[in-house]
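Asker: Structure incoming, see below.
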Amino acid sequence: MGQTVRVTNSAEQKNSDRDADGAPAGGGLWGGGMPRWLPRAMVLFLVLVGLFQLADWAFRQLIDLFVMLLVSFFLSLALEPAVDRMAARGVRRGVGTFLVFVAVGVAVVGFLAALGTLLVDQVAKIAGDLPHLVDSLIGWINRTFHQELSLGELQNRLLKDSGAIESYVQQAADNVWGVSSTLIGGLFQAFTVGLFTFYFTAEGPRVRRTVCSMLPPAKQGEVLRAWEIALAKTGGYLYSRALLAVVSSVGHWVMFELLELPYAAALAVWVGVMSQFVPTIGTYLAGALPVLVALTVDPVDALWVLGFVVVYQQIENYLLQPRITARTVDVHPALAFGSVIAGAALLGAVGALIAIPAAATLQGFVGTYVRRYEVATDPRIDRGEQRRARRELRREAARRLRRMVAGDGTRRGE
């Protein structure tokens, strides 16, 4: 009997010990209680999720501001060399920046005014020729599809469907309101970019000093070196493009004057600016407008314009552009094309515009810090180079032999 009591007491003692240690007694996951760290971990997890969502919301709200700051920074890099030259001659940076802004603004306003004049004139010309065009269209439809349409019948049908026309006009008015709001937003963004660009350009040395003050001395030199590379590449890219735009405008203006196209100067400026400052598709947009204008004068003139645009583009790609951009922005065409695609995918049209100077800056920065080694001549690398070299040697030997034979013949004749 006593033996049994002692066994029971020992079993109860073990159960009590397990309960005291927090072991599962009732079949639960953690026994009768929750670990002390779990509530704290749950609270921390919820706080981190909330902070992440808050940061994501703030980033999405401020993405337009970040893009405008990025564009302003690259524009300031392009304008700062001109301001630095004026500052070196004693002009205050604020005044120099203002003068550069005025020059750029006058150029932009003149370009837009020339294009506006061209657009208004072409629209007025189309409106004046509209009755004749409608009559020609009706005649073509009647001859082609064996119909008996007339201008009066079309007018009656339009008046009969006045409800549809009214709804269409209402929809067009709504679209005009949407376009107006978009235009106002675009003007505000342009003003914001201009304001930040002015501050970045005028306060360039102070901005660099502020950035370097937050870095240790060992890193300050690297930041300033990267800044100088960005200045050189961005400024060189824009200045080389501006020079190419001037050359292109002059060449196309001469051609358009020879063809006696209307508004030859405006069309030439359009071709020069669009082909140089709009990546990838700028050449096609530049050539489309003068071809359409030439069609209104004479289809043969349109063919001449198209041929000249194509020929000039080849001359620019293989002769002018390599020589002008060799010392400013030495970017491989494949790298430039890929950077434009990547920039457009990330930031749209803005990314496409700043992609090439950004790629040139990155290439210059990498080239500064990446050590390069001389590569030995190897047929596995230079495939066909040895064969080409032997061919050149044989040609040179043949030329020397011809010279020797010609020289012997001359001496014998004497």
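The values are calculated or read from the model by the stated rules, or taken from the named source; none is laboratory data. Quantities reported herein were computed from a predicted structural model and do not represent experimental measurements. Methodologically, a virtual Cβ is constructed for each residue, glycine included, from the backbone with ideal geometry; neighbour enumeration extends over all protein chains shown. Ligands, DNA and RNA are excluded from the accessible area calculation, which covers all protein heavy atoms including side chains. Shrake-Rupley method; radii C 1.70, N 1.55, O 1.52, S 1.80 Å.
Asker: Residues that are touching a Ser or Thr at 6+ places or on another chain (Cβ under 7 Å), β-branched (Val, Ile, Thr), over 29 Å from Val83 (Cβ atoms) and modelled with pLDDT under 85: does the stretch 260-283 have at least one?
Answerer: Yes: one or more hits.
Asker: Condition (residue is modelled with pLDDT of 65 or more, among the aliphatic types (A, V, I, L, M) and open to solvent by less than 50 Å² (accessible area, probe 1.4 Å)) applied to the stretch 103-112: is it met by at least one residue? Full working, then the answer.
Answerer: First, the residues of the stretch 103-112 that are modelled with pLDDT of 65 or more: 103-112.
Applying the additional criterion that residues be among the aliphatic types (A, V, I, L, M) yields 103-104, 106-109, 112.
Now restrict to residues that are open to solvent by less than 50 Å² (accessible area, probe 1.4 Å): none.
No, the stretch 103-112 has no match at all.
Asker: Are any residues in the stretch 242-291 β-branched (Val, Ile, Thr) and out of contact with any Gly (no Cβ under 9 Å at 6 or more places or on another chain), and if so, which ones?
Answerer: So the first thing to find is which residues in the stretch 242-291 are β-branched (Val, Ile, Thr), and the list is 246-247, 250, 254, 269, 271, 273, 278, 280-281, 283, 291.
Of everything in the stretch 242-291, those that are β-branched (Val, Ile, Thr) and out of contact with any Gly (no Cβ under 9 Å at 6 or more places or on another chain) turn out to be Val254, Val278, Thr280, Ile281, Thr283, Val291.
Asker: Need the failing condition index for Val179 against (1) open to solvent by 70 Å² or more (accessible area, probe 1.4 Å); (2) β-branched (Val, Ile, Thr); (3) modelled with pLDDT of 65 or more, just the number.
Answerer: (3)
Asker: A further question on this structure: If a residue has to be closer than 17 Å to Leu70 by Cβ, surrounded by fewer than 15 Cβ atoms within 10 Å (Cβ to Cβ) and of a type in the set (A, V, I, L, M) to count, how many in the stretch 182-222 make the cut?
Answerer: The number of residues fulfilling the criteria is 3.
Asker: Follow-up. What do you reckon, is Asp64 charged (D, E, K, R), open to solvent by 40 Å² or more (accessible area, probe 1.4 Å) and farther than 26 Å from Gly235 by Cα? Give the steps one after another, and end with the answer.
Answerer: Details: charged (D, E, K, R): yes; open to solvent by 40 Å² or more (accessible area, probe 1.4 Å): yes; farther than 26 Å from Gly235 by Cα: no.
Spelling it out, it is not the case that Asp64 is charged (D, E, K, R), open to solvent by 40 Å² or more (accessible area, probe 1.4 Å) and farther than 26 Å from Gly235 by Cα.
Asker: Can you pull out every residue in the stretch 216-236 that is within 13 Å of Gly364 (Cα to Cα) and in contact with a Pro (Cβ under 9 Å, 6 or more places away or on another chain)?
Answerer: Within the stretch 216-236, Ala230, Leu231, Ala232, Lys233, Thr234, Gly236 qualify.
Asker: Shifting gears a bit: Which pairs have Cβ atoms under 7 Å, sit 6 or more apart or on different chains, and link a residue in the stretch 241-260 that is open to solvent by 80 Å² or more (accessible area, probe 1.4 Å) to one that is not in a loop (DSSP other than H, G, I, E, B)?
Answerer: Between residues of the stretch 241-260 that are open to solvent by 80 Å² or more (accessible area, probe 1.4 Å) and residues that are not in a loop (DSSP other than H, G, I, E, B), the close pairs are Leu243/Ile324; Val246/Gly272; Trp253/Ala264; Trp253/Ala265; Trp253/Ala268; Glu257/Ala264.
Asker: Does the stretch 237-246 contain at least one residue that is among the small types (Gly, Ala, Ser), under 28 Å from Ser339 (Cβ atoms) and at pLDDT 85 or above?
Answerer: Step one: filter the stretch 237-246 for residues among the small types (Gly, Ala, Ser), giving 240, 242, 245.
Checking the rest, the ones that are also under 28 Å from Ser339 (Cβ atoms) come to 240, 242, 245.
Within this subset, residues satisfying the condition of being at pLDDT 85 or above are 245.
Yes: the stretch 237-246 contains one or more residues that are among the small types (Gly, Ala, Ser), under 28 Å from Ser339 (Cβ atoms) and at pLDDT 85 or above.
Asker: Looking at Ala344, Ala336, Ala406, can you tell me which residue is open to solvent by less than 70 Å² (accessible area, probe 1.4 Å) and at pLDDT 75 or above?
Answerer: Matching residue, one of Ala344, Ala336, Ala406: Ala344.
Asker: Continuing with the same structure: So Leu119 clears everything in (1) open to solvent by 50 Å² or more (accessible area, probe 1.4 Å); (2) at pLDDT 85 or above; (3) not polar (S, T, N, Q) except one condition, right? Which one?
Answerer: Among (1) open to solvent by 50 Å² or more (accessible area, probe 1.4 Å); (2) at pLDDT 85 or above; (3) not polar (S, T, N, Q), Leu119 violates only (2).
Asker: Could I ask something else about it? Only residues in the stretch 337-353 that are assigned to a helix (DSSP H, G or I) count as the first member; pair them with residues that are open to solvent by 40 Å² or more (accessible area, probe 1.4 Å) and not charged (D, E, K, R), Cβ under 6 angstrom, at least 6 apart or cross-chain, and list the lot.
Answerer: Val340/Thr280; Gly351/Ala344; Ala352/Ala344
Asker: Inside the stretch 338-364, can you point out the residues that are over 20 Å from Met68 (Cβ atoms) and in contact with a Phe, Trp or Tyr (Cβ under 9 Å, 6 or more places away or on another chain)?
Answerer: Ala360, the sole residue that qualifies.
Asker: Which ones in the stretch 275-312 are charged (D, E, K, R) and either open to solvent by 40 Å² or more (accessible area, probe 1.4 Å) or part of a loop (DSSP other than H, G, I, E, B) (or both)?
Answerer: First, the residues of the stretch 275-312 that are charged (D, E, K, R): 298, 301.
The one that is charged (D, E, K, R) and either open to solvent by 40 Å² or more (accessible area, probe 1.4 Å) or part of a loop (DSSP other than H, G, I, E, B) (or both): Asp298.
Asker: Would you call Val83 modelled with pLDDT of 85 or more, under 30 Å from Phe198 (Cβ atoms) and either open to solvent by 50 Å² or more (accessible area, probe 1.4 Å) or not in a helix (DSSP H, G or I) (or both)? I'd like the intermediate steps shown before the answer.
Answerer: Details: modelled with pLDDT of 85 or more: yes; under 30 Å from Phe198 (Cβ atoms): yes; either open to solvent by 50 Å² or more (accessible area, probe 1.4 Å) or not in a helix (DSSP H, G or I) (or both): no.
For Val83, the condition - modelled with pLDDT of 85 or more, under 30 Å from Phe198 (Cβ atoms) and either open to solvent by 50 Å² or more (accessible area, probe 1.4 Å) or not in a helix (DSSP H, G or I) (or both) - is not met.
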